[in-house]
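The structure appears right after this line, and notes come after that.
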Amino acid sequence: MTAIAAADDTFTRLFPLDATMSDTDDRQITFYRLQGCPFCERVARLLEEYELGYRSRFVEPMHSERDVVKRVAGVRTVPVVVDENTGVTMAESANIVDYLESTYGEGAAATAGGDD
């Protein structure tokens, strides 16, 4: 594992004070985003609404310089979400919103409750 430089553009959203270690380990999400991007903000709002712990990585504004996103997702567009809990890497805000809703939101609750 490489060390993070002091000028790293990454920040981590703090988990609730009452979160246990298993809570944080189960929901390890990395969110690649661009400052001021409305598509990224749509995803950020949903992550906050579901109270999911996530790590934000702000990417280069210049599309051609988004090498880290290209390595992770195969595209240079944002937003991109990497959910280590499920092994999913996904781009495109509409797809990410659908995924979050079905995995962590009302869609997940409906699926879990449907087994009764």
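Scan (1) open to solvent by 40 Å² or more (accessible area, probe 1.4 Å); (2) modelled with pLDDT under 90; (3) more than 10 Å from the chain's Cα centre (by Cα) for the single condition Gly107 breaks and write down its number.
Status for Gly107: all satisfied but (1).
Would you be able to tell me the number of residues in region 44-68 that are in a loop (DSSP other than H, G, I, E, B), farther than 13 Å from Phe31 by Cβ and open to solvent by 30 Å² or more (accessible area, probe 1.4 Å)?
Qualifying residue count for the region: 4.
Residue by residue through region 69-98, note down the ones that are part of a helix (DSSP H, G or I), surrounded by 20 or more Cβ atoms within 10 Å (Cβ to Cβ) and not β-branched (Val, Ile, Thr).
Scanning region 69-98 gives Ala73, Ser93.
Yes or no, residue by residue, for (1) at pLDDT 95 or above; (2) over 13 Å from the mean Cα position of the chain (by Cα):
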site: Arg13; (1), (2): no, no
site: Thr20; (1), (2): no, yes
site: Asp25; (1), (2): no, yes
site: Phe31; (1), (2): yes, no
site: Cys40; (1), (2): yes, no
site: Glu65; (1), (2): no, yes
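The values are calculated or read from the model by the stated rules, or taken from the named source; none is laboratory data. What you see is a predicted model, and the numbers here were worked out from it, not measured in a lab. All Cβ positions, even for glycine, are placed from backbone atoms using ideal geometry, and neighbour counts span all protein chains on display. Protein only, heavy atoms only, side chains kept; ligands, DNA and RNA dropped before computing areas. Shrake-Rupley method; radii C 1.70, N 1.55, O 1.52, S 1.80 Å.
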